[in-house]
Amino acid sequence: MAELAKRIPIRHFVDHGPTVQPNPIIDEFLGKTYPELYGKAKRTIAKPGDTVSVNGLDWRIVTIGG
């Protein structure tokens with residue numbers, strides 16, 4: 001994701017919030033790299049029932065982080 005963000009501006013991050021399955025590699029990314037990326041953009045922590053619109057297509061969030 002960090003490499004992609006260097007090439008394409010990401011203006012809005014949508015994610016599930018804190019991770020629920022420990023993994024050292026992912027934990028390091030989420031603790032160090034990811035905050036630097038979303039710190040320069042808008043960030044939304046999605047919840048079940050939320051709708052995310054992308055170019056006229058509405059995605060309904062059914063479940064998060066599990």
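Nothing in this text is a laboratory measurement; each read-out follows from the coordinates by a stated rule. The structure displayed is predicted, hence computed values, not measured ones. Glycine gets a Cβ as well: all are built from the backbone with ideal geometry, and neighbour counts include every protein chain shown.
Each residue, K47 and I61, gets one label point 7 Å from its Cα in the Cβ direction; the gap between the two is 0.9 nm. Over the residues of the chain, the helix contribution to mean residue ellipticity at 222 nm works out to -5000 deg cm²/dmol, using -39500 (n - 2.57) for each DSSP H run of at least 4.
Considering only G31, G39, G56, the mean-square fluctuation computed in a Gaussian network model of the chain, springs between alpha carbons under 10 angstrom, is largest for G56. Note on the chain: Kirkwood hydrodynamic radius from all Cα pairs is 13.2 Å, rounded to one decimal.
One chain, two ends: V54 and L30. Fully extended at 0.36 nm per residue, the span grows by 6.2 nm beyond their Cα-Cα distance.
A DSSP coil position with no more than 10 other Cβ atoms inside 10 Å describes the following trypsin sites (Lys or Arg not before Pro) in the chain: R11.
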